[in-house]
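Novice: Below you'll find the structure I mean.
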Amino acid sequence: SSVSGSASGSANTNIISTTPTTGLTTLVVKPSPNSPKLTPPAITPRKTLKLNNEPVLSFPMSAESDMENPDDWKPFKDSDVALRDLLKKLEHDDWETKCEGINMLRRLSLHHPDTVVASLHPIVLAITNEAQNLRSQVSRLAMKAISDMFQHLKKQLDPEVDLIAKVLLAKGGESNQFIREDADKALCSMLDNVSPQRALLGLTGGGASHKNPNVRKMAAQLLVDLVEKLGSGRILSGVKDITDKVLPAACQFTTDGSQETRYYGRKILYMLMAHQDFDRMLAKYVPASSLRNIQDIGLGEHPSEISSARSRRSGHGSRSSSAVREGSASSSADSGLGNQPLKRRTLTRTNDAHMEEVMTMIGLLSANNWQQRYEGISKFLSMCETNPMLVSTHIIKIFDKFLPRLQDSNSKVNIYALKVMLQVTPILRDHLANVISMTVASVAPNLSSKNREINSTAAEILEGFIENLDLSLLVQPFSNQAINATSRSKADLVLKVAYLVERVYPRKQKQVVLHVLPLLWHLLGSMNTSGAAIHGGSGDLRQATSLLACKLHECMGQSLLEKASAEPTNTQRQLQMLQSLLEGS
């Protein structure tokens, strides 16, 4: 009995000590000491408790997830075996196994590109499928792998661009910032490495009509880069799958619901409009209904610049930033919190007054009466001298109406506008970047004028641009105008381009290659076998062409001749002419 009681007391003690304190009386059934001991279940690590493709939050981590260091990757002993292994890993349900397979593909692209190319389509299908994975680590690493593939395989990826671009553009429309950035990097790698025409088809096919506004915005922004890379001459050449894709897409972007997308669409058209074939190609490839929507188009400010960057840049004003400055100045004369609402209302009236002043001036600049247009130019000059920040804020809107006056049918207005442009160039030097192509296109034709005052003033304006602006901004518009110029002004423009080449090439090589080489091919094509210029040209043009060729050769060396030979439009006669010009220098 005592033994039994002792055992019972011991059992009760154990029950009390092992029962959690809850404030309630609970009945706990405890096994006897002879029962098998129960062990608590092992806590399973979080990484093994997952569903297939479960979504997770994305953090600003590396897309490689710190799993492997690419610098340590070495070639596989057997690339074919590695390929089969990585495809099996990509089919696995475990996300970490998938990441191992993706890194194997990156390693294979780096050291064994031929093996990847041999099974390109199955690999692309597998990696684009992982780019759409709901787990962000897998998706981001897959996009990094696609970027690597573009870098190492280059144009060998051309057949798969449409599929890849469609997937990447869709990822660019997601709400996750880091996924959008990775998609953008992969698409930029695509633009840098595949054939421009294939990239163009991928962007327009996968993004121009996409339902997601962020996808359309990304496609429009990338298309701007691609158009700049190809140049207006090639875009407007009428070649299938270039002109017929870019112009309709750009016009579609200009009427998009997104302000940024509209900006990029307008920017594409402004990059092309200086070309002599722009109007003809626009009428040919863009439906009449779309043309009506863009007739009175203006480039406008970049939406993000309006609210942020521009207001922070020194010397670059906006309406909001000027309002802040005016407010701080007027607040020094006021005192007390009671004046604060009144100050805001005063500022509103001031801004409205400024806007009314701008609209009045624009109305005068576009008036039918030449005297009113002359008065509008005077108001423009006065505004530049007294309130240059106001002009810079509305520079696109103002220049849309001012630039036509540089070629006005009335000689008095024409000359006065040119003289004003010469006078305001130093004042607006920090604000002309967005309008410089249009401005050069409006000034350059005056070099062919028989009116000496018009001719000389136009030449002074172009010299003023060279003196006051970043020379890299002038390479494209000067080259384009040299191609389209008449025989009276062609030599002068070619000499100016030669001057720019020498100074811009050391820091902007790509820009010179993209825009100046087409000019050289054009000049070589306009010379006969004796080296004289055709179509009313002169010996001055031959000398200018020779100088341009020599400046390019000094900067580029042997690569100039290599690019000339690789250019499909260059004939054997043009190549011989180039060699002759270089030898005769």
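The values are calculated or read from the model by the stated rules, or taken from the named source; none is laboratory data. Predicted model only: the values in this text are computed from it and were never measured. So basically every Cβ, Gly included, is an ideal-geometry build from the backbone, and we count neighbours across all protein chains shown. SASA here: full protein model, heavy atoms, side chains in, ligands and nucleic acids out. Shrake-Rupley method; radii C 1.70, N 1.55, O 1.52, S 1.80 Å.
Novice: Please tell me if E453 is farther than 25 Å from Q371 by Cβ and of a type in the set (D, E, K, R).
Specialist: In short, no.
Novice: If you check every pair at least six apart or on different chains, which have Cβ atoms under 8 Å apart with a residue in the range 406-427 that is in contact (Cβ under 8 Å) with a residue 12 or more places away in the chain first and a residue that is of a type outside the set (A, V, I, L, M) and part of a loop (DSSP other than H, G, I, E, B) second?
Specialist: As it stands, the answer is S411/N451; N414/D408; I415/N451; A417/D408, since those pairs meet every condition given.
Okay, residues lined up against (1) among the polar types (S, T, N, Q); (2) within 27 Å of Q177 (Cα to Cα); (3) touching an Asp or Glu at 6+ places or on another chain (Cβ under 7 Å); (4) part of a helix (DSSP H, G or I):
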site	(1), (2), (3), (4)
D93	no, yes, no, no
L105	no, yes, no, yes
L108	no, no, no, yes
I127	no, yes, no, yes
N133	yes, yes, no, no
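Novice: Consider A367 against the criteria (1) at pLDDT 90 or above; (2) crowded, with 16+ Cβ neighbours inside 10 Å; (3) among the aliphatic types (A, V, I, L, M): it satisfies all of them except one. Which criterion is unmet?
Specialist: It is condition (2) that A367 fails.
Novice: Sort out which residues of the range 134-161 are more than 16 Å from A186 (Cα to Cα) and touching a residue at least 60 places away in the same chain (Cβ under 8 Å), and write them in order of number.
Specialist: L134, R135
Novice: Going by what's in this entry, would E100 be described as over 31 Å from the mean Cα position of the chain (by Cα), open to solvent by 40 Å² or more (accessible area, probe 1.4 Å), at pLDDT below 90 and under 27 Å from A165 (Cα atoms)? Working first, answer last.
Specialist: Values: over 31 Å from the mean Cα position of the chain (by Cα): yes; open to solvent by 40 Å² or more (accessible area, probe 1.4 Å): yes; at pLDDT below 90: no; under 27 Å from A165 (Cα atoms): yes.
Against the criterion (over 31 Å from the mean Cα position of the chain (by Cα), open to solvent by 40 Å² or more (accessible area, probe 1.4 Å), at pLDDT below 90 and under 27 Å from A165 (Cα atoms)), E100 does not qualify.
Novice: Go through the range 156-193 and count every residue that is of a type in the set (K, R) and more than 21 Å from the chain's Cα centre (by Cα).
Specialist: Count: 0.
Novice: May I pose another question? Give L561, L541 a once-over and let me know the one that is buried (at least 16 other Cβ atoms within 10 Å of the Cβ) and either touching a helix residue (DSSP H, G or I) at 6+ places or on another chain (Cβ under 6 Å) or at pLDDT 85 or above (or both).
Specialist: L541
Novice: Scan the range 116-147 residue by residue and report those that are of a type in the set (A, V, I, L, M) and open to solvent by 40 Å² or more (accessible area, probe 1.4 Å).
Specialist: Answer for the range 116-147, where residues must be of a type in the set (A, V, I, L, M) and open to solvent by 40 Å² or more (accessible area, probe 1.4 Å): V117, A118, L125, L134.
Novice: When you check A249 against the structure, is it assigned to a helix (DSSP H, G or I) and within 29 Å of A482 (Cβ to Cβ), yes or no?
Specialist: yes
Residues checked against (1) buried (at least 20 other Cβ atoms within 10 Å of the Cβ); (2) touching a residue at least 60 places away in the same chain (Cβ under 8 Å):
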position	(1), (2)
V224	no, no
G231	yes, yes
A250	yes, no
D256	no, no
Y263	yes, no
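Novice: Working only within the range 488-516, note down all residues that are touching a Lys or Arg at 6+ places or on another chain (Cβ under 8 Å) and open to solvent by less than 10 Å² (accessible area, probe 1.4 Å).
Specialist: Answer for the range 488-516, where residues must be touching a Lys or Arg at 6+ places or on another chain (Cβ under 8 Å) and open to solvent by less than 10 Å² (accessible area, probe 1.4 Å): A498, V501.
Novice: Related question: Scan the range 437-468 residue by residue and report those that are within 20 Å of K267 (Cβ to Cβ) and touching an Asp or Glu at 6+ places or on another chain (Cβ under 9 Å).
Specialist: M438
Novice: Condition test on V81, is it out of contact with any strand residue (DSSP E or B) (no Cβ under 9 Å at 6 or more places or on another chain), open to solvent by 20 Å² or more (accessible area, probe 1.4 Å) and under 18 Å from L157 (Cα atoms)?
Specialist: No.
Novice: If A274 passes every condition in (1) open to solvent by 20 Å² or more (accessible area, probe 1.4 Å); (2) assigned to a helix (DSSP H, G or I); (3) within 22 Å of N434 (Cα to Cα); (4) in contact with a Pro (Cβ under 8 Å, 6 or more places away or on another chain) but one, which one does it miss?
Specialist: Failing condition for A274: (2).
Novice: What pairs come out if I take residues in the range 361-373 that are assigned to a helix (DSSP H, G or I) and pair them with residues that are open to solvent by 60 Å² or more (accessible area, probe 1.4 Å) whose C-beta lies under 6 Å away, six or more apart or interchain?
Specialist: M361/K379; I362/K401; L364/Q372; L364/E375; L365/K401
Novice: State all residues of the range 450-472 that are among the small types (G, A, S) and surrounded by 20 or more Cβ atoms within 10 Å (Cβ to Cβ); if no residue qualifies, say none. Give the steps one after another, and end with the answer.
Specialist: Of all residues in the range 450-472, those among the small types (G, A, S) come to 456, 458-459, 464, 472.
Residue satisfying the conditions is A458 alone.
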